[in-house]
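Some notes on the structure that comes next.
Where a number appears in this text, it was derived from the coordinates with a stated rule and is not lab data. Remember, predicted model here, so these are calculated numbers, not experimental data. Quick reminder, even Gly has a Cβ in these numbers, built from the backbone with ideal geometry, and neighbours come from all protein chains shown.
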Amino acid sequence: MTALQEKAKDVLINNWREKFTIPCANLYPFQWKWDSGFIAIGLSYFDIEKAKIELNTLLDAQWGNGFIPHIVFHTDNDSYFPGAKFHRSDLHPLASKTHKSTGMTQPPVLGFVLEKMYQIAANKNEFLSYIESVIDKVYFNHEYFYNNRDPKNEGLVYIYHNWESGTDNSPIWDDIWETMNPPEYEFERRDTTHVDASERPSKREYDHYLHIIEIAKKHNYDDVKIAKHSPFLIQDPLFNAMLIKSNESLINLYKLIGNNLAKIQQLENWQVKAKNSFNAKLFDENIGAYSHYDLRNEKLLPYLSSSSFSPIFANIPDQNRANQMVETMLQKFGNENQYLCASFDPTHQRFNPKKYWRGPVWINLNWILYNGLKNYEFDAIAQRVKSDTIAIIEKNGFYEYFDSRKEKHETGAAGYGGNDFSWSAALLIDMLEN
Ligand code: DGY
């Protein structure tokens with residue numbers, strides 16, 4: 001391991017809490033779903049047993065219908081809002097009886113995480129037996145999505161909350177907030193006691209976030225009712241690309257295990273349908289990449305974000321389309337004064353390079369894009385994403401997100417949000433191995 005990888009390893013060791021890893025101290029004191037997946041990849045390089053425990057702990061919180069929640073509240077820590085008492089997962093009849101959680105999910109990364117861990121594992125046979133012990137739970141989770149989150153039977157699943165997207169306060173959601181008028185909730189934010197408020201979502205944005213949860217709670221987190229009543233109902237290209245990539249990995253892993261022909265067939269059917277609909281519905285010729293579809297208001301939301309390029313990670317576009325996407329990426333995000341890849345279009349008036357998902361560079365999206373660019377043999381640009389990722393971490397530390405403007409990095413103060421952030425460390429370890 002290089003010196004930087006050793007530092008990354010220390011971040012992961014310090015953020016370990018008996019059976020799972022927190023994303024970072026104070027700001028995020030519980031277990032987050034997609035964080036856990038990325039973290040398990042990093043852990044696999046130096047302690048694969050811990051990586052297995054990380055995933056087992058998350059899967060222990062799976063609901064009786066296959067759903068896996070976005071946060072599992074393992075402790076009563078009150079340094080985070082909204083906590084278990086607000087989310088009330090117990091309202092859903094099939095929620096876990098042993099684990100308190102939210103009633104929403106996050107991008108389905110576990111399939112491709114398991115495949116990646118298999119590639120890292122020194123003892124493949126032993127690791128394959130581990131996969132056998134958990135893979136059906138991940139399959140069950142995909143079945144949940146296709147059976148409950150795809151009301152038009154298109155092969156594309158919806159998210160009903162911006163926190164499900166993982167890109168929490170993206171400017172894309174501003175269009176949805178314009179269709180809502182939530183009450184002014186009274187609550188005590190905790191995030192802004194840990195981190196500068198200019199780097200976090202606004203109070204009014206939180207009113208919208210809480211209001212959608214109140215609507216879902218009123219319907220006891222029933223998917224059919226949420227699909228009918230949630231003002232936020234989006235087919236998100238990042239979320240669906242993660243699901244499609246995970247389908248592909250599950251197919252590969254079931255083939256390694258042997259048998260399981262019915263499941264492989266089902267996964268292949270989902271894949272064909274999902275990729276066709278994805279290409280027909282989510283590609284936006286006007287912007288030269290994929291965008292989000294607003295299922296509530298039946299229209300594409302015509303914005304470029306780092307999510308717009310994520311389908312290259314899941315082999316969704318053909319080569320021509322991939323060429324077009326990379327051209328768009330370089331033109332809009334790849335100016336020589338910008339690090340790749342800003343989370344939102346740097347040429348757009350809603351761009352803010354300091355504020356969470358409204359512009360900063362995120363390491364997990366860079367990791368997704370780096371691997372996607374390699375899939376299509378855009379080796380030079382992949383290399384640029386990798387060296388930009390290493391540079392911003394070397395200059396600033398293992399922050400949660402980073403200013404995309406190069407000039408801001410001269411003083412080493414361009415890392416924002418939480419510090420010693422687990423997935424920044426975990427995915428850097430992996431990138432440096434490649
Ligand atoms: C937060 O609280 O900002 C989290 O990202 C929600 O998942």
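Numbers below:
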item: Contact order relative to length of region 9-89, as percent, for alpha carbon pairs under 8 angstrom and 6 or more apart; result: 30
item: Set of aspartates and glutamates near Lys97 by C-alpha distance (under 13 Å), chain-local residues within fewer than 8 positions excluded; result: Asp60
item: Amide H contacts under 5 Å for Ala289, placed H, 5+ residues apart; result: Asp284
item: Restraint check, Lys217/Lys273; Lys203/Lys275; Lys7/Lys100; Lys9/Lys255; Lys152/Lys217, Cα-Cα greater than 27 Å; result: Lys217/Lys273; Lys203/Lys275; Lys7/Lys100; Lys9/Lys255
item: Positive-end residue of Phe378, Ile257, Trp362, charge dipole of the chain with Cβ unit charges; result: Ile257
item: Centroid-to-centroid separation of region 265-298 and region 381-429 [C-alpha atoms, Å]; result: 31
item: Nonlocal amide H pairs with Leu300, under 5 Å, H built at 1.01 Å; result: Asp294
item: Relative compactness, region 166-299, computed as alpha-carbon Rg over 2.2 N^0.38 Å; result: 1.34
item: 222 nm mean residue ellipticity, helices alone, for the chain (DSSP H n ≥ 4; -39,500 (n - 2.57); rounded to 500); result: -15500 deg cm²/dmol
item: Solution diffusion estimate, µm²/s, Stokes-Einstein, the chain, Kirkwood Rh from C-alpha pairs, 37 °C, viscosity 0.692 mPa s; result: 152
item: Euclidean distance between Cα centres, region 157-201 to region 1-23, Å; result: 29
item: For Ala380, net neighbour charge (Lys/Arg +1, Asp/Glu -1) across residues whose Cβ lies under 15 Å away; result: -2
item: Per-peptide average of other Cβ atoms within 10 Å, ordering 122-135, 23-36, 387-400 highest first; result: 23-36, 387-400, 122-135
item: Unit charges at the beta carbon, dipole of the chain: most positive-side option, Asn56, Val272, Val195; result: Val272
item: Given charges at beta-carbon only (K, R positive; D, E negative), |dipole| of the chain in Debye; result: 460
item: Of every Cα-Cα pair in region 359-434, the percent that sits beyond 14 Å; result: 56
item: Relative contact order computed over region 62-317 (Cα-Cα under 8 Å; 6+ residues apart), in percent; result: 22
item: Peptide ranges 421-431, 375-385 listed from the most packed, as the mean C-beta count within 10 angstrom indicates; result: 421-431, 375-385
item: Pairwise Lys count, region 333-434 - Cα closer than 17 Å, eight or more residues apart or different chains; result: 10
item: Percent breakdown of C-alpha pair distances by 10 Å bin, ordered from the shortest bin, for region 99-180; result: 14, 33, 31, 17, 5, 0
item: Convex hull projection area averaged over all views, region 62-317, Cα basis, nm²; result: 14.8
